[in-house]
Amino acid sequence: SPTGLDNNPGTQEAPWKTLTRAAATVQAGDTAIFADGTYDETTVASFAFDGTPTAPITVKAQNKHKAIIYFHGLTTIKISLVDRKYITIQDFEITQDNVGTTWSDVFIRHYNGEGITIRGNKIHHAKVNTKSSYGKDILIEGNIFYDGLGYDAFGASNVIVRNNEVYQFDSSSQGLLLKGGTRNAQV
């Protein structure tokens, strides 16, 4: 909850306050549900644990686009799924205080991961809204991407990109980019 405390146990009665705390804590089979409101984030939300194919980690908004993850002062990766497996990020609005201008400005970065699902989010104002590199079994579904490159895959395999809305990106960027040996991609 935006009114929670990160030293709380993370229950409905005593919720955490940030995505950063949830990302550092949730484990295989856990689901963290975010109440409506704005979550002010000032540090990178790095997922510390993996899910499994039968027990993924899920972080999601209770009501679609009503939980707003709002980053302040970060010019690099905001949500890190580096070397992580079977994690779902669902139904958030994700944005930041300034529109990104460099390629290091990435909201969701998954590198060398597996079973990553980005679903139903509204993601805007980063140079790269979501980026996959060298991962496999990736699903990018039902998102709205604008004000920056929508989705970028490099060297990824078994990628499905479907039912996304991508618009309003500048002339130095692309809405959807599958490159650098990305294979078995379905768009």
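So here's what we get for this one:
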| quantity | calculated |
| --- | --- |
| Beta bridges per DSSP with both ends in the chain, % antiparallel, nearest 5 | 0 percent |
| Total formal charge among the other residues, if their Cβ is under 11 angstrom from that of residue 106, Lys/Arg +1 and Asp/Glu -1 | +2 |
| Contact order relative to length of the chain, as percent, for alpha carbon pairs under 8 angstrom and 6 or more apart | 13 percent |
| Structure-based [θ]222 nm, the chain - -39500 (n - 2.57) summed over DSSP H runs of at least 4, per residue, nearest 500 | -1000 deg cm²/dmol |
| Restricting region 96-187 to chymotrypsin sites (Phe, Trp or Tyr not before Pro) in coil, as DSSP defines it, with at most 13 other Cβ within 10 Å | 103 |
| C-alpha center-to-center spacing [region 54-105, region 108-144] in angstrom | 9 Å |
| Shape call, region 65-104: gyration tensor on alpha carbons, a/c limit 1.5 | oblate |
| Region 1-85: chymotrypsin sites (Phe, Trp or Tyr not before Pro) in DSSP coil with no more than 16 other Cβ atoms inside 10 Å | 49 |
| Signed unit charges on C-beta, dipole axis of the chain, positive-most listed residue 45, 182, 20 | 182 |
| Net +/- balance of residues flanking residue 10 in space, Cβ distance below 14 Å, scoring K and R +1, D and E -1 | -1 |
| Net charge dipole size for the chain [Lys, Arg +1 and Asp, Glu -1 on Cβ; Debye, nearest 20] | 400 debye |
| Label-point separation in nm, residue 6 to residue 162, each point 7 Å along Cα→Cβ | 3.8 nm |
| Length gained when the stretch residue 52-residue 177 is fully extended (0.36 nm per residue, less Cα-Cα span) | 42.2 nm |
| Residue 82 versus residue 30: modelled label distance in nm, points set 7 Å from Cα along the beta carbon direction | 2.0 nm |
| Relative compactness, the chain, computed as alpha-carbon Rg over 2.2 N^0.38 Å | 0.95 |
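Readers should treat all values here as calculations from the given coordinates under stated rules, not as data from a laboratory. All figures in this text were calculated on a predicted structure; none of them were measured in a lab. We place every Cβ from the backbone using ideal geometry, glycine too, and count neighbours over all the protein chains shown.
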